[in-house]
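Structure, as structure tokens:
The values are calculated or read from the model by the stated rules, or taken from the named source; none is laboratory data. As the structure is a computational prediction, the values presented were derived from the model and not from experiment. Cβ atoms come from the backbone with ideal geometry, glycine included; neighbour counts cover every protein chain shown. Remember, those area values only see protein heavy atoms, side chains included, never the ligands or the DNA or RNA. Shrake-Rupley method; radii C 1.70, N 1.55, O 1.52, S 1.80 Å.
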Amino acid sequence: LLSALATRWLSGRALLAISCIFSLAACALLVAAPNALVALPALALCGLGYAAVFPLVMAVAGEVYPEAAGSIAGLLLAAGSVFGAVVPWIGGVLVQVSDARAALALSLPADVVMVIIALVLLRYRPSHARLPESGFEALV
């Protein structure tokens, strides 16, 4: 809801970059939290930052490749489903081997990649982004 309101003043790409940076900072705070008094608000801030990321990624992907918005949405949903199944399993293994802080730190590298991609997209202006006509053309 807040991100929809913020799009009145910011572009989707700028809001995506801000949300990714905010998520990275909140997640780093959560991992470094010395106690529950710091961890619980940091967890809420993580959720606030992450909440806007997926819808904004869908919007920016549709903006960059409008002719393939449906296919891109399907790929993003599939990737989200796979990572939504695999990452919690890896986190559970980390909790058993180490502690909960290690499992929480699992999201930090993904957050860094999200920030880098969001910053690249912020500067990227496609003239006419074109997808390959066929699968074979994508391989060549």
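Leaving out ligands, DNA and RNA, and with a 1.4 Å probe, what % of the accessible surface on the chain is carbon or sulfur?
C and S atoms contribute 74 percent here.
Starting from 0.36 nm per residue, how many nanometres of slack lie between residue 116 and residue 89 once their C-alpha separation is accounted for?
7.2 nm
Have a look at 72, 103, 82 and report the one farthest towards the positive end of the charge dipole of the stretch 35-132, computed about the Cα centre with Cβ charges (Lys/Arg +1, Asp/Glu -1).
Highest projection toward the positive end goes to 72.
From the list (i) 0.97; (ii) 1.03; (iii) 1.06, can you say which value of Rg/Rh (Cα atoms, Kirkwood Rh) was derived from the structure given?
(ii)
What's the FRET efficiency of residue 98 with residue 8 using the Cβ-Cβ distance as r and R₀ = 35 Å, to the nearest 0.05?
That pair, residue 98 with residue 8, gives E of 0.20.
Which order do the peptides 46-59, 99-112 take when ranked by the mean count of other beta-carbon atoms within 10 Å per residue, highest first?
Ranking the peptides 46-59, 99-112 by packing returns 46-59, 99-112.
Taking only protein heavy atoms and a 1.4 Å probe, what accessible area per residue, in Å², does the stretch 1-94 have with all protein chains in place?
Value returned for the stretch 1-94: 58 Å² of accessible area per residue.
Could you size up the charge dipole of the chain around its Cα centre, putting +1 on the beta carbon of Lys and Arg and -1 on that of Asp and Glu, and report it in debye to the nearest 20?
340 debye
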